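I have placed the structure first, in the form of structure tokens, so that the comments after it can refer back to it.
The values are calculated or read from the model by the stated rules, or taken from the named source; none is laboratory data. Remember, predicted model here, so these are calculated numbers, not experimental data. Cβ placement follows ideal geometry from the backbone for every residue including glycine, while neighbour counts extend to all protein chains displayed.
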Amino acid sequence: MSKQQEEHFVVTYKEGKMTQRVVLVDRKTGVNYLYVGSGYGGGLSVLLDAEGSPIVTELEE
């Protein structure tokens, strides 16, 4: 896959079968998101640190 065709997000953590918890990292900004899915529903939220700032992960190219 070329650099231009890479996925926008990378999965860094995943657990659960019926209820899934997945941590996604935006490749461009490094911002972490938590996705929780259960049945036909789900939600996505930015992960925040104790001061309320987004958690940012440095990704290697």
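Of everything in the range 28-61 that's among the charged types (D, E, K, R) and at pLDDT 95 or above, which residue is farthest from the chain's Cα centre (by Cα)? Residue satisfying both the conditions and the ranking: Glu51.
Selection of first residues in the range 36-49 that are touching a residue at least 24 places away in the same chain (Cβ under 8 Å) and of second residues that are not in a loop (DSSP other than H, G, I, E, B), restricted to Cβ pairs under 9 Å at least 6 apart or on distinct chains, gives the following pairs, ordered by first then second residue: Leu47/Val23; Leu47/Val31; Leu47/Asn32; Leu47/Tyr33; Leu47/Leu34; Leu47/Pro54. The set of residues from the range 21-61 being of a type in the set (Gly, Ala, Ser) and surrounded by 11 or more Cβ atoms within 10 Å (Cβ to Cβ) comprises Gly30, Gly37, Ser38, Gly42.
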